[in-house]
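Report on one structure; see the data block that follows.
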Amino acid sequence: MSFLINRTRLSLVVLLALLTTPIARADGPYPAHKVVENIYYVGSNDLAIYLVATPKGHMLINTGFDETVPLIQASVKSLGFKMADIKIILASHAHSDHVAGHARAREASGAKVYVMTGDDKVIANGGKGQYLYTDSRWRPCPVDKVLKDGDKVSLGGTTLVARHTPGHTAGCTTWTATVGKGPDKKLVVVVGSPNVNPGFQLVNNKAYPKIAGDFARTFKVLNSLKCDYFLGAHGNYYGMHAKYPKQKAGAKVSPFIDPAGYRDYIQLKEKAFRDTLAAQKKPSK
Ligand SMILES: [Zn+2]
């Protein structure tokens, strides 16, 4: 009997931990690599972090956890770049696994931090004010500029476009960039996150009343993008662990060009959103 009670208690503790933490702690390194042109992967095994290198300095999308920052530094160095040349730090969304390292990366580089409206206060307050993950905290990071949908962030001839894709967080951001010239132009999309996490309340949510409308808007935006290079806030969004080895083995066409993979992924995530919404709208008996 007491064994059963303990087990129940244990599973409750595990469940609570799952509901209050977006993901597990920091993970190991992953080989830094070029994705296309001046866009490089400098993330960990799970947390996708991108360096956009230009002659006028670099932009960094995401920083992972505080303890991920040394991995980024090692990756940046291995590619022949300098952390001190990072001028702008950006984010996919204000969950600890993407932005808890912002303060450390900002200090290490002297970069400015630009954040989408909706996520700016959460980052500035070190995690306070998040929906659902009320116990998740990190070192507060000053925000130098607040962005809105469609804002362009340009440096050294490269322009990143910030698309506001809220729902997963209020300021979730999908980054796009155009690479190539003329008929060879291609769109790079770094998906911010279309995920309805366990415990997300889509109906009658007092903490985040607009959540369902935000997700619906996000899928409209994501469906409208003519994605060629499919990237995202985690390597597993776009199958990095299968694609990078193909590139390394000398694939003639970049495995990261994957418009069909992008469409399938967005469709799958939109279905998950619609199914969860329908289930939560059903009156409980
Ligand atoms: Zn997240």
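The values are calculated or read from the model by the stated rules, or taken from the named source; none is laboratory data. In this text, all values refer to a predicted model and were calculated from it rather than measured experimentally. Glycine gets a Cβ as well: all are built from the backbone with ideal geometry, and neighbour counts include every protein chain shown. Side chains included, ligands, DNA and RNA excluded: accessible areas come from the protein's heavy atoms. Shrake-Rupley method; radii C 1.70, N 1.55, O 1.52, S 1.80 Å.
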Which whole-Hz couplings ³J(HN,Hα) result when phi for each residue of the stretch 259-268 is put into the Karplus expression 6.51 cos²θ - 1.76 cosθ + 1.60, θ = phi - 60°, listed in order with x for Gly and Pro?
-> x, 5, x, 4, 4, 4, 4, 5, 4, 4
Got a sec? What order do S224, S109 fall in by accessible area at 1.4 Å, biggest, i.e. largest, first?
-> S224, S109
Amide H within-cut-off set for K112, under 5 Å, with H built and near neighbours excluded = I88, I89
What ³J(HN,Hα) values, in whole Hz, does the Karplus curve 6.51 cos²θ - 1.76 cosθ + 1.60 give for the stretch 86-98 when θ = phi - 60°, with x put for Gly and Pro?
-> 6, 9, 9, 10, 10, 8, 7, 6, 7, 10, 3, 6, 10
Radius ratio Rg over Rh of the stretch 48-160, counting only Cα atoms, Kirkwood formula for Rh = 0.96
Hey, if you drop one equal point scatterer on each alpha-carbon of the stretch 112-179 and run the Debye formula without solvent, what base-10 log of I(q)/I(0) do you get at q = 0.11, 0.16, 0.24 Å⁻¹?
-> -0.28, -0.57, -1.03
Express in whole angstrom the spacing between the alpha-carbon centres of the stretch 103-123 and the stretch 212-264.
-> 25
Enumerate the whole-percent occupancy of each 5 Å bin, from 0 to the last occupied one, for all C-alpha pair distances of the stretch 132-248.
-> 2, 10, 16, 19, 19, 16, 10, 5, 2, 1
Here the FRET efficiency for N197 versus A260, based on Cβ atoms and R0 = 30 Å and rounded to 0.05, is 0.70
Leaving ligands, DNA and RNA out of it, report the carbon-plus-sulfur percent of the accessible area of the stretch 50-172 at a 1.4 Å probe.
-> 50
Along the stretch 159-165, what does the Karplus equation 6.51 cos²θ - 1.76 cosθ + 1.60 (θ = phi - 60°) give for ³J(HN,Hα), rounded to whole Hz, x for Gly and Pro?
-> 10, 9, 9, 8, 9, 6, 10
Here are some pairs, K210/K281; K34/K148; K152/K252; K56/K246; which of them have Cα atoms lying more than 24 Å apart in this structure?
-> K34/K148; K152/K252; K56/K246
Listed by chain and number, the residues whose amide H is under 5 Å from that of H234, excluding neighbours fewer than 5 places away on the same chain and using placed H, are A48
State the percentage of accessible surface on the stretch 228-285 attributable to carbon and sulfur atoms; use a 1.4 Å probe and exclude ligands, DNA and RNA.
-> 57
Accessible area per residue, 1.4 Å probe, Å², for the chain: what's the number?
-> 48
Ranked by accessible surface with a 1.4 Å probe, highest first, in what order do K152, K246 come?
-> K152, K246
